[in-house]
Amino acid sequence: MQKRTIIKTFRTLRKQLLGDKDKPASTLVGVQALGLPEWKVEIDAIAVVQKK
């Protein structure tokens with residue numbers, strides 16, 4: 001799959017899941033290899049939850 005197709009698919013899915021407004025910040029970075037050869041995708045996330 002070409003990079004442009006992957007990015008277009010990512011943006012389409014992100015828009016479907018999160019909408020067009022008030023989207024959280026995100027970064028998409030292409031790499032030559034992931035941590036392990038059998039990995040297909042690598043996701044790092046940090047969530048911030050306000051105290052009540």
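Taking the residues in segment 14-41 that are assigned to a loop (DSSP other than H, G, I, E, B) and surrounded by 10 or more Cβ atoms within 10 Å (Cβ to Cβ) as candidates, determine which candidate is farthest from the chain's Cα centre (by Cα). Checking each candidate, the answer is Leu34.
All told, Arg11 meets the bar of being surrounded by 10 or more Cβ atoms within 10 Å (Cβ to Cβ) and without any contact (Cβ under 8 Å) to a residue 60 or more places away in the chain.
Kindly indicate whether any position in segment 43-52 is touching a helix residue (DSSP H, G or I) at 6+ places or on another chain (Cβ under 8 Å), part of a loop (DSSP other than H, G, I, E, B) and loosely packed, with under 10 Cβ neighbours inside 10 Å. Scanning segment 43-52 turns up no residue that is touching a helix residue (DSSP H, G or I) at 6+ places or on another chain (Cβ under 8 Å), part of a loop (DSSP other than H, G, I, E, B) and loosely packed, with under 10 Cβ neighbours inside 10 Å.
No lab work stands behind these numbers, since they all come straight from the coordinates. The structure displayed is predicted, hence computed values, not measured ones. A quick note on method: Cβ atoms are made from the backbone with ideal geometry, for glycine too, and the neighbour counts reach across all protein chains shown.
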